[in-house]
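*Asks:* One structure follows; several queries about it will come next.
The values are calculated or read from the model by the stated rules, or taken from the named source; none is laboratory data. The model shown is predicted, which means the values in this text are computed figures rather than measured ones. Quick reminder, even Gly has a Cβ in these numbers, built from the backbone with ideal geometry, and neighbours come from all protein chains shown. For the accessible areas, the whole protein counts, side chains as well, though only heavy atoms, and no ligand, DNA or RNA atoms are used. Shrake-Rupley method; radii C 1.70, N 1.55, O 1.52, S 1.80 Å.
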Amino acid sequence: MGLGRRALITGVAGVLVLGSLPATASATTWRYLTIKGLSRAGKVPWITAQIYDPAAKKSWPVMGRDNAVAKLPDKRTYEIYATLARNEPGESPENTVVLTTYKLSKGHDHVTLSAKSGKPIDLSVGDPSAQGRIRVHVRHGAMDFTTDDVPGRLYAVPVKRSGVTFAQGSTWTGSGVLYRLGTSYAGGIPAGVTQHVTKADLAEVKVTYRSFGDGMKVNPRCRGTAWGGDDEMWLDAPATLTEYVQPGAACKRELWYESSSHPLFGNVTLATRTYAKGTAPAETWNAAVFGPAAPGGYRTGDQLHYTPVNLLSDAPGNWGSDQFTIANVKLRAGTKALGLDAYEPDVTLGKSATTYHLDVTATRDAAEATLSDRVQVSWIFKSARTSKKTVLPLSTVRFAPRGLDDRNAAAPGSTTEIPVRVVTNPGATAHAVTTLTVEASTDGSKTWQTLPVVNGTVSVTNPAEPGYVDLRATAVDSAGNQVTETVSRAYRVAG
C-alpha cells in the first residue's frame, strides 16, 4: 500500500542505446557491439535484446528497428538474448526468440542473429472463440529475458545451454472463460513446443470477483515460472469467470483493480498454489470485510521494525494493498511518543520490558472504494530486548460475513451472521484469547451495539434502509496483549 504517499501510476524509432554506466573518472575503455537480425523470410526485423555478463551478473538492454547497439565495458564472452519481430503490413506477424554467445574482441564488433532455424511454439486450447497471447521467459542466473505478450506466430531457435531454463506461458480469453497454459524446460531452448489441449486436460476453477466500489474493473493475473505474466483480461466487477489452468504449474494468483479515475489503484494477492486436473473448489475474491491480515512487525535487540501492510485484505485472507491509501502510524510507551511512522519503519527502544501502544489508521483516498474507507487498529503489547529477530506479539480480528451479494451487500432488514476469528502474527507465540468483544454500528459509528459471540459467530440485524454497517472488535489474550480494530463501512446494506 502507499505508505502515507499518494502514488500515481504514470518505443523509440531507430537505434536505442541503453545500459551505459554513469560517467566516472575511471579509465574504462568502452566497446560496442552492433546486433543485426534476419527474420525467417530473410527480412530485417525489429530487435529487442539483453546482453548478459554471467560473471558479473549484469545485463544491458538494447533495441532497434534494424539493428541494436550495446555499449559494453570489457572484452569478454557475453550471452545475447533477443527477440526478432516482424509485423509489417501484408505480412503475418512473427516473433523469434534467439540465444547465442559472442566474444567481444574489437573496439566495435558486429553480430548477425538469424531466425531461419526457429522452431514453432504451437499451442491451442480447443476453443475457437478464445484468443491467445504467449509470453516466453529465458533464464540464466540473474538473467530473466522475457518477451512481450505477442500476437501471431512465435518461434524459438533451439540451443543446448547448461543452466538455462526456457518457459512459455499463454493466456487465452473468451466470453466468461480464461485459459492458462504453462510449461518449462531445463538445459536451453527446446526444438519446438507443441501443446494442444481441451478443457478435459486442465484444472477447472470457477472464480467470483466481487465489487467493493463504483465503476470497478478487475484484472486476474498469474505469476510463476511458467506463466504469461500480466494478462489483458479486464472485467467489469462484479464478475464470474471460469478458468482452465495447466495442472501442476505453480501459480501466484493476483487480482488487480482499477476505476475510471484511478488506474491500477490496488490489488489482492493469494499465496502460490497449484491445481490438479479436474474441478477445483470455487474461489471468491474481494469479499468483505476488508481489514488487517498478517500484522507484520518484529524486534531485533533494541530495534523495532513495523511497516503498515496488508491492512485491506479480503475476507478469504487474500492479502490486499491500495495505491491510494494513506497510512498513519504512531508508537508510544505510556505517554511518551516514539519516532515510528509510515515513512521511517524503524525505532530504537529501551532494553527493559515495557508496554507499548501501536496505533495504525488506513484511509482510502479513492472515492470509488466505498467499503473499508477507514480502518483503525490499536495494539497494546509488552516487549523487551531480544537476542535475535523476534516477531511482535500482534493479532488481528478477521470478519467473514455470510450471505452478502456480489456487491458485498446485505438485504435491508435481514440478519447477517459473521464468523469472527483472532489471527496471531505469523511466527509469534500464540496465546489463548481470554476476552473477545464485538460491536456493530449502523449510524456511521455514532452509536455501537454489543453483539454476543456464540461459537465464534455474531449476528447483525441490518437496518431497513440502505446504508453501511461498521464493525469493531477488541481481543485480549492470556499474555495481556490486546488489539482493538474498527472498520468503517465494513459492508453495505442494499438500496
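*Asks:* Where Lys and Arg each count +1 and Asp and Glu each count -1, what net charge lies around residue 279 among other residues with Cβ under 11 Å from its Cβ?
*Replies:* +2
*Asks:* In whole angstrom, how far apart do the alpha carbon centroids of the stretch 311-358 and the stretch 374-395 sit?
*Replies:* Taking the Cα centre of the stretch 374-395 as reference, the centre of the stretch 311-358 is 9 Å away.
*Asks:* Cross-link list 106/160; 336/389; 206/277; 119/160: which exceed 21 angstrom alpha carbon to alpha carbon?
*Replies:* Violating the 21 Å limit, Cα to Cα: 106/160; 336/389.
*Asks:* Suppose every Lys and Arg Cβ carries +1 and every Asp and Glu Cβ carries -1, with no other charges. What dipole size does the stretch 337-495 come out with about its Cα centre, to the nearest 20 debye?
*Replies:* Using Cβ point charges on Lys, Arg, Asp and Glu, the stretch 337-495 gives about 600 debye.
*Asks:* Shifting gears a bit: With Cβ to Cβ distances under 10 Å as the rule, what net charge do the other residues near residue 115 carry (K, R +1; D, E -1)?
*Replies:* +3
*Asks:* For the stretch 181-230, what is the Kirkwood hydrodynamic radius in Å, using each pair of distinct C-alpha atoms?
*Replies:* 14.7 Å
*Asks:* Using only Cα atoms, locate the centre of the stretch 165-229 and the centre of the stretch 241-299, then give the distance between them in Å, rounded to an integer.
*Replies:* 14 Å
*Asks:* Something else about it: For the stretch 150-228, state which trypsin sites (Lys or Arg not before Pro) are in a DSSP loop and have at most 10 other beta carbons lying within 10 Å of their beta carbon.
*Replies:* Qualifying residues, ordered by number: none.
*Asks:* Give the label of the value calculated from the structure for Rg/Rh (Cα atoms, Kirkwood Rh), choosing from (1) 1.05; (2) 0.96; (3) 1.10.
*Replies:* (1)
*Asks:* Note the full-extension length gain between residue 443 and residue 479 as 0.36 nm times their separation in residues minus their Cα-Cα distance, in nm to one decimal.
*Replies:* That pair, residue 443 and residue 479, stretches by 9.5 nm at full extension.
*Asks:* Same structure, new question: To make sure I understand the rule: partners must be lysines, Cα under 18 Å from the Cα of residue 330, and not fewer than 8 residues away in the same chain. Which ones qualify?
*Replies:* Qualifying lysines at Cα under 18 Å: 382.
*Asks:* Let me ask you something else. Quantify how much of the Cα-Cα distance distribution of the stretch 287-329 extends past 14 Å, in percent.
*Replies:* Of all Cα-Cα pairs in the stretch 287-329, 52 percent lie more than 14 Å apart.
*Asks:* Please compute the Kirkwood hydrodynamic radius of the stretch 188-264 from all pairs of different C-alpha atoms, in Å with one decimal.
*Replies:* 14.4 Å
*Asks:* Oh, and also: Whole-Hz ³J(HN,Hα) for each residue in the stretch 476-486, computed from phi via Karplus 6.51 cos²θ - 1.76 cosθ + 1.60 with θ = phi - 60°, x for glycine and proline: what do you get?
*Replies:* Rounded to whole hertz, the list is 10, 9, 5, 8, x, 6, 9, 9, 10, 10, 10.
*Asks:* How would 258, 283 rank on accessible area, largest to smallest, probe 1.4 Å?
*Replies:* 258, 283
*Asks:* Only Cα pairs under 8 Å and at least 6 apart count here; give the relative contact order of the stretch 248-320 as a rounded whole percent.
*Replies:* 29 percent
*Asks:* With a 1.4 Å probe and every protein chain left in place, work out the accessible area per residue of the chain in Å², rounded to a whole number.
*Replies:* 44 Å²
*Asks:* While we're here: Could you grab the Rg to Rh ratio for the stretch 318-430? Cα atoms only, Kirkwood for Rh.
*Replies:* 1.04
*Asks:* If you don't mind, another one. Give me the compactness ratio for the stretch 417-490, meaning the Cα radius of gyration over 2.2 N^0.38 Å.
*Replies:* Against the compact-globule rule of thumb, the ratio is 1.21.
*Asks:* Work through the residues other than residue 66 whose Cβ is under 11 Å from its Cβ and net out their charges, Lys, Arg +1 and Asp, Glu -1.
*Replies:* Around residue 66, the surrounding residues sum to +3.
*Asks:* Using a cut-off of under 16 Å, list every residue of the stretch 104-125 whose amide N is near the label point 7 Å from the Cα of residue 34 along the Cα-to-beta-carbon line.
*Replies:* In the stretch 104-125, the label zone of residue 34 (backbone N under 16 Å from the point 7 Å along Cα→Cβ) covers 105-113.
*Asks:* Give me P(r) over the stretch 221-291, computed from all C-alpha to C-alpha distances, binned every 5 Å, as integer percentages.
*Replies:* 3, 12, 23, 27, 20, 10, 4, 1
*Asks:* With the contact rule set at Cα under 8 Å and sequence spacing of 6 or more, what percent relative contact order holds for the stretch 167-306?
*Replies:* 27 percent
*Asks:* Between residue 384 and residue 414, what FRET efficiency follows from the Cβ-Cβ distance if R0 is 51 Å, with the result rounded to 0.05?
*Replies:* 0.55
*Asks:* Rank-order 395-405, 107-117 by packing density, defined as the average count of other C-beta atoms within 10 Å over each peptide's residues, highest first.
*Replies:* With the highest mean Cβ count within 10 Å placed first, the list reads 395-405, 107-117.
*Asks:* Report the far tail of the P(r) of the stretch 131-269, meaning the percent of Cα-Cα pairs longer than 25 Å.
*Replies:* Pairs farther apart than 25 Å: 31 percent.
*Asks:* Let me ask another. Check the straight Cα-Cα distances from residue 71 and name the aspartates and glutamates below 16 Å, setting aside those fewer than 8 residues away within the same chain.
*Replies:* Leaving aside aspartates and glutamates fewer than 8 places away in the same chain, those within reach of residue 71 are 53, 79, 109.
*Asks:* What list of ³J(HN,Hα) values in whole Hz, one per residue of the stretch 402-411 in order, does the Karplus curve 6.51 cos²θ - 1.76 cosθ + 1.60 (θ = phi - 60°) give from phi, with Gly and Pro shown as x?
*Replies:* Working through the residues one at a time gives 9, x, 6, 7, 6, 9, 6, 10, 9, 6 Hz.
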